[in-house]
Structure formats: structure tokens, C-alpha cells
């Protein structure tokens, strides 16, 4: 996600320095005029705005602490990573320690929307930070949903991802059942096509499953991490998330079988297909 986000920031004419824990992943940005640095500290030195897009709260905190002595006091920190409720609280506290203005700003969308600059940005932070952040959000997203309370953006991201995971698990179960009953699984997609039960995501992921196309758009390991964050938040709120729990179990099974680097649609490979 970081690479297409960086490309779109550069295309919008925003000056950008970038750093990645795997240096080779950031190199394509140089073709767009982006300065790729050797350290996180070099990337943030003198910057008025810092963006983070990593794997989880621990990796974000580690990188920000590495760069701490090069951060500009009162700089704005736009935190794009999906880190969950507890992770957002921890990072907000870290921002306070570092003297930064914190924007809880996870995004909805996968690789294609990131490449197209049509992500949906969920943003929560001080009103006075909006004029600084909005041009950045406009460069990477098709629209921004502003929320009033700190942490609410990350909560809404979990709510949305719970729906994504439930849909993918539902597709996998329907295709598995169709095959077990001696039907062509493609008949399921044909039956729901264009009706109230259909959605573009149903056709996209269903056809990928049938074709065995596991090219990652939303990686299975990331979906597993997000399912865990959803379940943690649900338990704290006293909510039972049976579908998310089942999907999490299947994600774990698929990862144990070596499918973690594939798309989350590879959850199908963890189902008993008779």
C-alpha cells in the first residue's frame, strides 16, 4: 500500500521523502521524483507532516522511536496503518511523548484503489489539522470521512473490515458447498449476479477463488491480523463475532499451510472441499 500511496502523493506535486524497512520496495518511487532515504530519521528530518503505513502498531511504534530525534516539534503525524483500538491508543500516547499532532487515519481499499488514488480515508484528529491533511488525503483517496473523536477512525476501519471478512468467508463457504453437492461453483455467482444479494466484491473475489488467482490485493496474513484486532475490540465491547472468529480460524489454517502471502481469498484453500 505504501508504494502506490507514495506515487500518488508525488503525482499531486507534494514534496516527499520515503523510507522502507525493505529498501528495495521503496526504490520504484525514485522514478517519480521521490527521495528514498537510508534511514527513517533521514525521511522525517525537517518534515511538517509524517505518514506511516506499516504492518501493525508495534512496527509503527518501533520506526517512530527510531526517528524520534529527527522529528520536527509539533509536526503532524498521519497514521494510516490498521492498528486497532488498543494500538491507536498506544500510538496516540507515543505522539504525545514525541510532541506530534496525531491523526488516526486508516484507509479503506486494497491495492487497486491505492493505485488509482481512490481509497476512502477515515480520519480523526484535531480540527486545526484538517487544512494541512486534506490535500494529502485528496491525493491518495477519492473521499475522506472525518470523525470527531480520537480513535473513532480506527474503530470504523474494524467495523468495515469485519464486513469484508464476513463476505469473503461467506463466498468461500458457498463455493465449497456447491462443489460438495456436485454443482459447478460458478453457478452460485451466476445465481446472485445483478440481484439484491450481489455486490462487485462478491463477483471479484468469487471469480478469483474459482480461477485459483491468489495474487494479493489484501494479503491473507494482513486479513488474519485485522481479524484478530476485530475480535479483540469486540471482546472489549462485549460483542460476539462468530463469523469473524470462524474466518480467523480458517486464516490461521491457511497460513499454517503456507498461504499467508496470498490474497485473503485463499481462505478457500483452508475449507474442506470434499
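The values are calculated or read from the model by the stated rules, or taken from the named source; none is laboratory data. What you see is a predicted model; the values in this text were computed from it and never measured. In this analysis, Cβ positions are derived from the backbone assuming ideal geometry, glycine residues included, and neighbour counts consider all displayed protein chains.
Of all residues in segment 87-110, count the ones that are out of contact with any helix residue (DSSP H, G or I) (no Cβ under 7 Å at 6 or more places or on another chain) and either assigned to a helix (DSSP H, G or I) or more than 21 Å from residue 2 (Cβ to Cβ) (or both). Can you show your working first?
Within segment 87-110, the subset out of contact with any helix residue (DSSP H, G or I) (no Cβ under 7 Å at 6 or more places or on another chain) is 89, 92-93, 95-97, 99-100, 107, 109-110.
Checking which are either assigned to a helix (DSSP H, G or I) or more than 21 Å from residue 2 (Cβ to Cβ) (or both) leaves us with 89, 92-93, 95-97, 99.
The number of residues fulfilling the criteria is 7.
Restricting attention to segment 66-84, report how many residues are in a helix (DSSP H, G or I) and crowded, with 20+ Cβ neighbours inside 10 Å.
Just the residues of segment 66-84 that are in a helix (DSSP H, G or I), to begin with: 66, 68-70, 84.
After this cut, where a residue has to be crowded, with 20+ Cβ neighbours inside 10 Å as well, the list is 84.
The number of residues fulfilling the criteria is 1.
So which of 143, 130 ends up being surrounded by fewer than 18 Cβ atoms within 10 Å (Cβ to Cβ), under 20 Å from the mean Cα position of the chain (by Cα) and at pLDDT 95 or above? Step through it out loud before you land on a result.
Numbers: 130 fails: under 20 Å from the mean Cα position of the chain (by Cα).
Being surrounded by fewer than 18 Cβ atoms within 10 Å (Cβ to Cβ), under 20 Å from the mean Cα position of the chain (by Cα) and at pLDDT 95 or above holds for just one of 143, 130, which is 143.
When only residues in segment 151-163 that are in contact with a helix residue (DSSP H, G or I) (Cβ under 9 Å, 6 or more places away or on another chain) and more than 13 Å from residue 241 (Cβ to Cβ) count, which is surrounded by the most Cβ atoms within 10 Å (Cβ to Cβ)? First the steps, then the outcome.
Keep residues of segment 151-163 that are in contact with a helix residue (DSSP H, G or I) (Cβ under 9 Å, 6 or more places away or on another chain), which gives 151, 153-155, 157-159, 161-162.
Now narrow it down to the ones that are more than 13 Å from residue 241 (Cβ to Cβ): 151, 153-155, 157.
Values: 151: 19, 153: 23, 154: 30, 155: 20, 157: 25.
Among those that are in contact with a helix residue (DSSP H, G or I) (Cβ under 9 Å, 6 or more places away or on another chain) and more than 13 Å from residue 241 (Cβ to Cβ), it is 154.
Among 135, 113, 126, 150, which is the only one that is under 30 Å from residue 269 (Cβ atoms) and either touching a residue at least 24 places away in the same chain (Cβ under 8 Å) or in the same structural domain as residue 237 (by TED's automatic domain parsing) (or both)?
Numbers: 135 fails: under 30 Å from residue 269 (Cβ atoms); 126 fails: under 30 Å from residue 269 (Cβ atoms); 150 fails: under 30 Å from residue 269 (Cβ atoms).
Going through 135, 113, 126, 150 in turn, just one is under 30 Å from residue 269 (Cβ atoms) and either touching a residue at least 24 places away in the same chain (Cβ under 8 Å) or in the same structural domain as residue 237 (by TED's automatic domain parsing) (or both): 113.
What are the residues in segment 22-65 that are more than 22 Å from residue 76 (Cα to Cα) and free of Cβ contacts under 8 Å to residues at least 12 places away in the same chain, if any?
Hits for segment 22-65 are 22, 24, 27, 30, 31.
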